[in-house]
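Visitor: Could you have a look at this structure, given as structure tokens, before my questions?
The values are calculated or read from the model by the stated rules, or taken from the named source; none is laboratory data. Values in this document were obtained by computation on a predicted structure and should not be read as measured data. Cβ atoms come from the backbone with ideal geometry, glycine included; neighbour counts cover every protein chain shown. Side chains are part of the model used for accessible areas, which takes the heavy atoms of the whole protein and leaves out ligands, DNA and RNA. Shrake-Rupley method; radii C 1.70, N 1.55, O 1.52, S 1.80 Å.
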Amino acid sequence: PPASAGRAPVPPDGGWGWMVVFGAFVSIGFAYAFPKGLAIFFKEIQDFFGTSYSEVAWISSIMLATTYGAGPISSILVNRYGSRPVVMFGGLLCGVGMISAAFCTSILQLYICVGFITGFGLALNLQPSVIIIGKYFLKRRPIANGLAMAGSPVMLCTLAPLNQFLFDNFGWRGSFLILGAILLNCCVAGALFRPIGAATASVKPQVTEEGKDALKEKISEDAMEMNSPTNVPMENKTEEEEEEEGKDCCEKVNQYLDLSLFKHRGFLIYLVGNVLMFLGFFAPIVFLAPYAKHTGIDEYSAAFLLSILAIVDMVARPATGIIANSKWVRPRIQYFFSFSIAFNGTCHLLCPLASSYTGLVVYSSFYGLAFGMVCAMLFETLMDLVGAARFTSAVGLVTIAECCTILLGPPIGGKLIDTFGDYKYMFIKCGAVMVLAGTFLFIMNYYNYRMLAKEEKERKTKEEDLKSVRTENEGRNNWNKDTTQVGSELEPLREEQGVKKEMNGT
Amino acid sequence: GTDATTQGLKQPSKESLSNGPFVQSEILLPGASGAPLERTITLANATTVELSCKLDTNSPLKNPQVTWKKGNETISHTSKTENSWSIQLEIVDSSKLGSYSCILKGEEEISATFHLQVPDVEGRGRHVITYERDTAVMLCKSDSAPMAWTWYMISGSKQIAINASSKGDKYLIVRQSAGVTQLRILKLTKEDAGVYFCQATFELGKVKLEVELKVLSIMAPLKPFLAVVAEVLILLTTIVLYEVYSKRKEKRTGEKAFDQIEQL
């Protein structure tokens, strides 16, 4: 994992951080659980507007697509304004969306109010919550991530019966109105996200005083401080030089959304692995209850399977956070992540063997465990690879890439079920995809760890030689080492210093 | 529950009154352990039905005496093949529906029952909750298409049929498909609340399903809504106030430390 240099602001790893974790718990919980909880209202809406079920299901799809697709916009806004205003605005947007949905008179209006507006509000909730955990925690970050991500199953277990209760008492319109008010609680969660860190604290006043140039310098400085040694310093130096020639649109975007991440080896590995994984991640949950009913289990027992999954998930996430934080796992967290993905895949591959209800209960428990493990570490591993400063942009880029496969996963699974008339091919496909993703990540991260270790070694030797150069310059010529060796390593160092001089000159 | 009865082109062994639909159902005795020796057959139209009880060759019962009964009434026209006994029924009206059993008497007595019923009517739920000036939608559906659907409203002790043609701007009855009917009530008022039921008319009888319509005013959800909004505002103010307070405390301790340093 990239080392944070001495000058970086040390994350508190506690104190107010736990309030932030609670806020993130609520915010992430709503973002993931709310779209799933809406399914209860769909039948009634379908009858009311006289549409087909698939047209109503589009509401969920639009919402999911907007929540993931608006990731980069969320990242840009967080880079510009910080987490707190973005989450509060997102909460407000969600509330407004659902309140206006209560008064809708056509399915198209529902697409807009529930799908786009609320979906966008949830996007503005999800990313900043994950980002701010990276700012408040370093040593205990896996635990914080695990706890915050546990919000999703907890909220789902709360929302499902709550939605049913609201629906039984107020119909769908009244329920949407009250849910709009409940979503305003995301604003409360956002209010807990106190801005932190010398980065944001020192940047803010200077933006008003000195203008954008100073802002750029500060950002590049902080990026150099807090972060992976390889790519960023050189990147920002070339940026500063090109500034002379005038900014164009791409440069501006790059300032707010770090597109240089696409050259980052760890980021690319994560991106490819995760995009692949999401093809098989959600489909089994969607089809678990129908599969159970297909094997002859009654509706309530089938619903109970999902409850088992949620409960195991709830416990698994913080537990995984604690395990991932231990000193044996933390340095090798990427392996742990790859293992949990492959474990998840193996569960799906073994599912067709479970024919009885007990078998399915066992499957649901293991699936809940694996699901929780993967989700708890989903963002932790990304933070681990790119570092807290670039994480803001990274998470936006990752979510928009995942958007496509997330939306494709269940329909492809459904197609397989319809074509073969058997659920087992869907499980096999999901299992195979995830085992493949897990293996890919395992191998590539092994390679990445080796490269990082090599680069770290090179950096250490460079630092030592820089020290030795200084002592040489100070203490004159009592130096009987291999001057040639020292000299050859000094060349790139001198070049760097030269560029630095240029930069300071402008 | 209902089983998959075979609708075959098999010619009945006896004369049949009509060349209409024919349904055949067979129960194997004694059957798998735990398997219920009952079957439900839903009939929408007048049908010729052949019910058979077949004896498993592994069964210890040999050459039993078989009687077919409906309730306490014995049925005489039975037919027998090697190991199965059957009766053929002309179901033309609702009186012919009911439970028919075959009883096999030997060293032990085992029996199987066939329940002949009209199809079930299902709805979306027992209550439908709507608001004033909104539209109410009530749904009834059945697997077999009835000849007609009618909607009634229960007012007091009277059942009033809903005539959609005469009050076209208030009621709308939509037959979405053969097996689905929908009653839409427009421009709801409090007086529209109450119990409604849909009635499916089959050749062999009528089935009804009750739905209760509740009409709420906008005030009903508004109270919890305002309560939650109030909770949000209270929490927000608490958090902001706490933050201002702790910042001031930090400043004060910072100033104190500064003073102490100055004194030194």
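Visitor: Among what's in segment B:61-75 and is over 36 Å from the mean Cα position of the chain (by Cα) and either open to solvent by 90 Å² or more (accessible area, probe 1.4 Å) or among the polar types (S, T, N, Q) (or both), pick the residue that is nearest to B:Leu104 (Cα to Cα).
Guide: Among them, the one singled out is B:Gln65.
Visitor: Something else: Quick one: count up the residues across segment A:263-309 that are outside any helix (DSSP H, G or I) and farther than 16 Å from A:Cys404 by Cα.
Guide: 5
Visitor: Of these, B:Gly168, B:Gly156, B:Gly98, B:Gly123, which one is among the small types (Gly, Ala, Ser), at pLDDT 85 or above and over 30 Å from B:Pro30 (Cβ atoms)?
Guide: Answer to the check: B:Gly123.
Visitor: Moving on. Please state which of the following conditions B:Val195 fails to meet, knowing it meets all the rest: (1) over 12 Å from B:Trp151 (Cα atoms); (2) of a type in the set (A, V, I, L, M, F, W, C); (3) at pLDDT 90 or above.
Guide: The failed condition is (1).
Visitor: While we're here: Hey, does segment B:250-264 have a residue that's loosely packed, with under 13 Cβ neighbours inside 10 Å, within 29 Å of the chain's Cα centre (by Cα), away from every other protein chain (no Cβ under 14 Å) and not in a strand (DSSP E or B)? Outline the logic, then answer.
Guide: Restricting attention to segment B:250-264, the residues satisfying the condition of being loosely packed, with under 13 Cβ neighbours inside 10 Å are B:250-264.
If we keep only those that are within 29 Å of the chain's Cα centre (by Cα) too, we end up with none.
There is no residue in segment B:250-264 that is loosely packed, with under 13 Cβ neighbours inside 10 Å, within 29 Å of the chain's Cα centre (by Cα), away from every other protein chain (no Cβ under 14 Å) and not in a strand (DSSP E or B).
Visitor: Hey, A:Val315 hits all of (1) more than 15 Å from the chain's Cα centre (by Cα); (2) crowded, with 22+ Cβ neighbours inside 10 Å; (3) not aromatic (Phe, Trp, Tyr) but one; which does it fall short on?
Guide: For A:Val315, the failing item is (2).
Visitor: Give me the residue from segment A:173-196 that is surrounded by fewer than 24 Cβ atoms within 10 Å (Cβ to Cβ) and more than 8 Å from chain B (Cβ to nearest Cβ) and, out of that set, modelled with the lowest pLDDT.
Guide: A:Ile196
Visitor: Tell me, please, whether a residue that is among the β-branched types (Val, Ile, Thr), within 29 Å of the chain's Cα centre (by Cα) and modelled with pLDDT of 90 or more can be found in segment B:222-239.
Guide: No, the conditions are met nowhere in segment B:222-239.
Visitor: If a residue counts only when it is at negative phi and of a type in the set (Ser, Thr, Tyr), which helices (runs of 4 or more DSSP H) contained entirely in segment A:113-203 have at least 1 such residues?
Guide: Filter on segment A:113-203 gives A:119-136, A:151-183.
Visitor: Out of all the residues in segment B:108-127, is one or more surrounded by fewer than 17 Cβ atoms within 10 Å (Cβ to Cβ), over 21 Å from the mean Cα position of the chain (by Cα) and more than 14 Å from chain A (Cβ to nearest Cβ)?
Guide: yes
Visitor: Identify, by number, the condition in (1) closer than 18 Å to A:Val272 by Cβ; (2) buried (at least 23 other Cβ atoms within 10 Å of the Cβ) that A:Ala401 doesn't meet.
Guide: Only one criterion in (1) closer than 18 Å to A:Val272 by Cβ; (2) buried (at least 23 other Cβ atoms within 10 Å of the Cβ) is unmet by A:Ala401, namely (2).
Visitor: Does segment B:135-157 include one or more residues that are under 14 Å from B:Gly194 (Cα atoms), surrounded by 15 or more Cβ atoms within 10 Å (Cβ to Cβ), touching an Asp or Glu at 6+ places or on another chain (Cβ under 9 Å) and more than 14 Å from every other protein chain (Cβ to nearest Cβ)?
Guide: yes
Visitor: So, A:Cys104, is that one of a type outside the set (D, E, K, R) and either open to solvent by 10 Å² or more (accessible area, probe 1.4 Å) or farther than 30 Å from A:Pro142 by Cα (or both) or not?
Guide: Numbers: of a type outside the set (D, E, K, R): yes; either open to solvent by 10 Å² or more (accessible area, probe 1.4 Å) or farther than 30 Å from A:Pro142 by Cα (or both): yes.
Answer is yes for this residue.
Visitor: Also, quick follow-up: Take A:Val130 and tell me if it is assigned by the TED database to the domain that holds A:Leu93, open to solvent by 10 Å² or more (accessible area, probe 1.4 Å) and within 21 Å of A:Phe282 (Cα to Cα). Walk me through how you get there before you give the answer.
Guide: Working: assigned by the TED database to the domain that holds A:Leu93: yes; open to solvent by 10 Å² or more (accessible area, probe 1.4 Å): no; within 21 Å of A:Phe282 (Cα to Cα): yes.
No, not satisfied.
Visitor: Only one residue in A:Ser301, A:Ser356, A:Ser307, A:Ser326 is closer than 30 Å to A:Arg450 by Cα, more than 19 Å from the chain's Cα centre (by Cα) and surrounded by fewer than 23 Cβ atoms within 10 Å (Cβ to Cβ), so which one is that?
Guide: Working: A:Ser301 fails: closer than 30 Å to A:Arg450 by Cα; A:Ser356 fails: closer than 30 Å to A:Arg450 by Cα; A:Ser307 fails: closer than 30 Å to A:Arg450 by Cα.
Only one candidate qualifies: A:Ser326.
Visitor: Here's a follow-up. Residues of segment B:150-160 being without any contact (Cβ under 8 Å) to a residue 12 or more places away in the chain and under 15 Å from B:Leu183 (Cα atoms), which ones?
Guide: B:Ile160
Visitor: Separate question: Can you tell me which residues in segment A:329-351 are over 24 Å from A:Arg140 (Cα atoms) and open to solvent by 40 Å² or more (accessible area, probe 1.4 Å)?
Guide: Across segment A:329-351, the qualifying residues are A:Phe343, A:Thr346, A:Leu349, A:Leu350.
Visitor: Using beta carbons and a limit of 6 Å, which pairs, at least six apart or on different chains, have the first residue in segment B:135-149 and within 9 Å of B:Phe202 (Cα to Cα) and the second one open to solvent by 30 Å² or more (accessible area, probe 1.4 Å) and of a type in the set (Gly, Ala, Ser)?
Guide: Once the first residue is within 9 Å of B:Phe202 (Cα to Cα) and sits in segment B:135-149, its partners that are open to solvent by 30 Å² or more (accessible area, probe 1.4 Å) and of a type in the set (Gly, Ala, Ser) give B:Ala145/B:Ala178.
Visitor: Are any of the residues in segment A:35-53 open to solvent by less than 30 Å² (accessible area, probe 1.4 Å), among the aromatic types (Phe, Trp, Tyr), free of Cβ contacts under 8 Å to residues at least 60 places away in the same chain and in contact with a Ser or Thr (Cβ under 9 Å, 6 or more places away or on another chain)?
Guide: Yes, some residue in segment A:35-53 is open to solvent by less than 30 Å² (accessible area, probe 1.4 Å), among the aromatic types (Phe, Trp, Tyr), free of Cβ contacts under 8 Å to residues at least 60 places away in the same chain and in contact with a Ser or Thr (Cβ under 9 Å, 6 or more places away or on another chain).
Visitor: A:Lys462 passes all but one of (1) assigned to a helix (DSSP H, G or I); (2) open to solvent by less than 60 Å² (accessible area, probe 1.4 Å); which number fails?
Guide: For A:Lys462, the exception is condition (2).
Visitor: Could you say whether any residue in segment B:29-43 is open to solvent by less than 50 Å² (accessible area, probe 1.4 Å), modelled with pLDDT of 80 or more, in a strand (DSSP E or B) and closer than 24 Å to B:Ser142 by Cα? Quick ask: steps written out before the conclusion?
Guide: Within segment B:29-43, the first condition is being open to solvent by less than 50 Å² (accessible area, probe 1.4 Å), and the residues that meet it are B:29, B:31, B:35, B:37, B:40-41, B:43.
Subset that is modelled with pLDDT of 80 or more: B:37, B:40-41, B:43.
Add one more test, that the residue is in a strand (DSSP E or B), and what stays is B:40-41.
Then drop every residue that is not closer than 24 Å to B:Ser142 by Cα, which leaves B:40-41.
Checked segment B:29-43: at least one residue is open to solvent by less than 50 Å² (accessible area, probe 1.4 Å), modelled with pLDDT of 80 or more, in a strand (DSSP E or B) and closer than 24 Å to B:Ser142 by Cα.
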